[in-house]
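Everything below concerns the one structure shown next.
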Amino acid sequence: MVKEFSKKKCLEIYRLLKLGRRFEEKSVELGDQGEIPGSLHPAIGMEAIGVGISLALKKGDITKKTHRGHSTMIAEGADIKYMFSELLGKANGYNSGKGGSMHLAGISAVIGSSTHMAAGAALAFKLRGEKRVAVAYYGDGAANQGPVHEAMNMAAIWNLPIVFVCENNLYAVSTSASYSTLLKNLSERAKAYGFIGITVDGMDVISVYKAAKELIEDARSGKGPSLLECKAYRFCCHSVGTERLGLNYRSNEEVEEWRNRCPIKLWSDRLIKENVCTREKLEEIDKEVEKEIEKAVDFARKSKFPDTEDALKDMYATVYKGIPQPGWN
């Protein structure tokens, strides 16, 4: 048996990987059908990162995610009914149908912004003397953004309880990470700030979990920030619709090579090899996940859209000339 977890936990990890994958695949389908307005950035193939890190978190810890954070939200316990509702613009979505994919709970569409938001939270934890940890997800493209470096520098000089997680899927839209930086591993940048940096296989949920657990507990015990680079690969396009632009920046051979290292396949093969469960048991879970997905989509489709009079509700910072200020509703 996988020594890190009980049989029940091993199967739950499989379920979370599968649920995250099917949520993304179904979202792409809905997006292609025109049911989802706005942008949609799938993380198909990258599910092991969010699942592995969520296993290492404790109640009270916070995460700030990128625009590709659906499966991570699911791993952290988000209800897919309300996630689908938000994507479809319904009033009972996590952001009342106004935020869409890139503004779900804990998700920020601004490239690299997760790092300084999480650093701010970590500073609050430290000032209040709380044993809590912040995790900041960002991509290989965001790694070259100025605010990311500023957040890391601030975290270092103030010894903040934060783990920076670089989800390196090798491409920033269509720009290869090998073109945008000379470093083999982006985790090497941690040295410049004076804290530890580690690179792990982001397709292997256990590799991610082990590294995240150690770094998160170090941060919790006062050892300061760290950088965890998870090398993974998105099997899909950058965002729904971009494949129609004909951006041929990846070879079929490259995609197929990474597909052979699918995190769900790696985990399921390990569970079967180590006699944790049978293939039939995993297929049973697959069916349960499919039912959960279809039920959640049906729930979202039947939910109502926001009322017209709620258009300005919760807009407390913006004032439009000639329109009454809504206040702190």
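A short reminder: the numbers here are calculations on the coordinates, not readings from a lab. If you're wondering where the values come from, they're calculated on a predicted model, not measured in any experiment. Don't worry about glycine lacking a Cβ; one is built from the backbone with ideal geometry, like all the others, and counts go over all protein chains shown.
Under 5 Å from the amide H of residue 172 lie the amide H atoms of 177, each residue being 5 or more positions distant or on a separate chain, with H modelled from the backbone and absent for Pro and chain starts. Region 7-310 gives an Rg/Rh value of 0.96, both radii derived from C-alpha positions and Rh following Kirkwood.
From its DSSP helices (H runs of at least four residues, each -39,500 (n - 2.57)), the chain gives a residue-normalised ellipticity at 222 nm of -13500 deg cm²/dmol. Centre-to-centre, using Cα atoms only, region 14-54 and region 86-158 are separated by 19 Å. The GNM of the chain, with springs linking C-alpha atoms under 10 angstrom apart, assigns the highest mean-square fluctuation among 205, 148, 173 to 173.
Most tightly packed first, judged by the mean number of other beta-carbon atoms within 10 Å of their residues, the peptides 258-269, 45-56, 104-115 read 45-56, 104-115, 258-269. Taken about its Cα centre, the chain carries a charge dipole of roughly 820 debye when the Cβ of each Lys and Arg holds +1 and the Cβ of each Asp and Glu holds -1.
Here each label is just a point 7 Å from Cα along the line to Cβ, and for residue 298 and residue 182 those points are 5.9 nm apart.
Taking label points 7 Å from Cα along the Cα-to-Cβ direction, residue 275 and residue 149 give a separation of 5.5 nm.
Applying a length cut-off of 18 Å (Cα extent along the axis) and a mean Kyte-Doolittle floor of -0.5 to the DSSP H helices of the chain leaves 113-128, 205-220.
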